[in-house]
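Visitor: This structure is in C-alpha cells; I'll ask about it shortly.
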Amino acid sequence: MAKDVIVALDFKSARETYDFLDLFQGEKPFIKIGMELFYAEGPAIVREIKRRGHKIFLDLKLHDIPNTVEKAMRVLSSLNADMCNLHAAGTRAMMSAAIKGLTREDGTRPLLIAVTQLTSTDEAALKNELLVGASMEETVKSYALNAKQAGLDGVVCSPLEAGKVHETCGKNFLTVTPGVRFAGGDAGDQKRIATPDKARELGSDYIVVGRPITAAEDPAGAYERCIKEFLRK
C-alpha cells in the first residue's frame, strides 16, 4: 500500500457517517471505523462502506487471551477490512494467535498492526500509572519489535516515534500514526502530536486524522489540505 491519509469516522450512527462520506463527491478516502461506530452499527457498517468503495481500517484494538483474540480475528477477517489492530501489550503469543485467526483459507488477510502506546498517554502516565520504567521511546520500540517478531505488518504509534520504529524494525514495517493536527489546531485529548507535514518528515507511513477533518466547516477541503501537506500533492 502507498502512503495515505486515513480519516477517522468517529460518529455515533450510520446516518451521520453516510452524510459525511457523501460530502466527498466521488472521492473515496481511506477511512477508520472505531469502537463508537462499530458498537453502534455492528458489522453491517463495515460491509456497506466497503461496498461503497472505501478502504477500511477497523480500529477495535483487541486485547485478550490468545485463544479469544484468534477467534475474534477469524470473525473480523470475514468483513474484508483492509487493516485491523490489537494492543501490543497482549504479548507476542496473543499477536501470533491473531495472525492465525485473521488469515483466511486462501492465505490472504488484512494488514495487522499493533498499538504500542496510545497518543493520549504521556511519559508521566507511562511511569506513574502504568508503572513502565522505560522511556516512552524505548517502550514503543520494544513493543514494535515484539509485533514484528510475531509476524505483524506494523504498529500504531505517535508520529514522534515513527522514525525510531523504522530504525528498529525496518523501513517496510508500517507506522500508522494518530495524533495529527494542523498547525495551530486544538490538540484535544492528544498528548504526542505533529502536523501532517511534520509526520511525513518523521517517517509516518499513514496518518489517522479525525476531528481536524470531521469537525471542520469544510471537511472535504480539510481532507484535501491534509493530503497536500502529508503527501505533498
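The values are calculated or read from the model by the stated rules, or taken from the named source; none is laboratory data. Keep in mind that this is a model prediction, so the values were computed, not measured. Cβ placement follows ideal geometry from the backbone for every residue including glycine, while neighbour counts extend to all protein chains displayed. Just so you know, the surface numbers come from the protein's heavy atoms only, side chains and all, with ligands and any DNA or RNA stripped out. Shrake-Rupley method; radii C 1.70, N 1.55, O 1.52, S 1.80 Å.
Visitor: Please give me, ordered by residue number, the trypsin sites (Lys or Arg not before Pro) of the stretch 79-174 that lie in loop per DSSP and have at most 13 other Cβ atoms within 10 Å.
Guide: Answer in residue order: Arg104, Lys171.
Visitor: In units of 2.2 N^0.38 Å, what is the alpha-carbon radius of gyration of the chain?
Guide: Values: Rg = 17.0 Å, N = 233, 2.2 N^0.38 = 17.5 Å.
Normalised Cα radius of gyration, the chain: 0.97.
Visitor: What are the ³J(HN,Hα) values, in whole Hz, obtained from phi via the Karplus relation 6.51 cos²θ - 1.76 cosθ + 1.60 with θ = phi - 60°, for each residue of the stretch 159-170 in sequence order, with x given for Gly and Pro?
Guide: With the stated coefficients, the stretch 159-170 comes to x, 5, 9, 4, x, 5, 5, 5, 4, 7, 10, x Hz.
Visitor: Same structure, new question: How large are Rg and Dmax for the stretch 35-76 when calculated on the C-alpha trace, in angstrom?
Guide: 11.6, 34
Visitor: Can I ask one more? Charges at C-beta only: +1 for Lys and Arg, -1 for Asp and Glu. How large is the resulting dipole of the chain about its Cα centre, in Debye rounded to 20?
Guide: For the chain, the charge dipole is close to 600 debye.
Visitor: Could you provide, to the nearest whole Å², the per residue accessible area of the chain with probe 1.4 Å?
Guide: 46 Å²
Visitor: Averaging the inverse of every distinct alpha carbon separation and then flipping it gives the Kirkwood radius. What is it for the stretch 118-233, in angstrom units?
Guide: 14.7 Å is the Kirkwood radius here.
Visitor: In bins 10 Å wide, starting from 0, what share of all Cα pairs of the stretch 1-51 does each bin hold, as a percent?
Guide: Percent of pairs per bin, in order: 24, 58, 18, 0.
Visitor: Okay, next question. For the stretch 1-101, state the average projected area of the convex hull of the C-alpha atoms over all orientations, rounded to one decimal in nm². Numbers along the way, then the final one.
Guide: Values: hull surface 26.4 nm².
For the Cα atoms of the stretch 1-101, the hull's average projected area reads 6.6 nm².
Visitor: Using protein chains only and a probe of 1.4 angstrom, how many square angstrom of His63 are accessible, to the nearest 10?
Guide: 100 Å²
Visitor: Just for the Cα atoms in the stretch 87-186, what are the lengths along the principal axes, largest first, rounded to whole Å?
Guide: Extents along the principal axes, in whole Å: 46, 32, 23.
Visitor: Just add up the charged neighbours of Leu58: K/R +1, D/E -1, any other residue whose Cβ is under 12 Å from the Cβ of Leu58.
Guide: +3
Visitor: Sequence neighbours fewer than 8 away in the same chain don't count; with that in mind, list the aspartates and glutamates whose C-alpha is under 19 Å from Lys164.
Guide: Qualifying aspartates and glutamates at Cα under 19 Å: Asp122, Glu123, Glu137, Glu138, Asp153, Asp197, Glu201, Asp205.
Visitor: With unit charges on the beta carbon (Lys/Arg positive, Asp/Glu negative), name the residue among Val132, Ser204, Leu37 whose Cα is farthest towards the positive pole of the charge dipole of the chain.
Guide: My answer, from the dipole projection, is Ser204.
Visitor: On to the next question. What residue among Cys157, Met95, Thr119 has its Cα farthest toward the positive end of the dipole of the stretch 64-188, where the charges are +1 on Lys, Arg and -1 on Asp, Glu, each on the Cβ?
Guide: Met95
Visitor: If you place +1 on the Cβ of every Lys and Arg and -1 on the Cβ of every Asp and Glu, how big does the dipole about the Cα centre of the stretch 55-127 come out, in debye to the nearest 20?
Guide: In debye, rounded to 20, the stretch 55-127 gives about 160.
Visitor: Say each of Glu36 and Lys12 gets a label point 7 Å from the Cα, pointing the same way as Cα to Cβ; how far apart are those two points in nm?
Guide: 0.8 nm
Visitor: Next question, about the same structure. Among Pro159, Pro43, Pro178, which one moves the most in a GNM of the chain with springs linking Cα atoms closer than 10 Å?
Guide: With Cα springs under 10 Å in the chain, the top fluctuation among Pro159, Pro43, Pro178 is at Pro43.
Visitor: Expressed as a rounded percentage, what relative contact order does the stretch 1-54 have, with Cα pairs under 8 Å and six or more residues apart?
Guide: Details: 45 pairs, mean separation 23.1, N = 54.
Relative contact order of the stretch 1-54: 43 percent.
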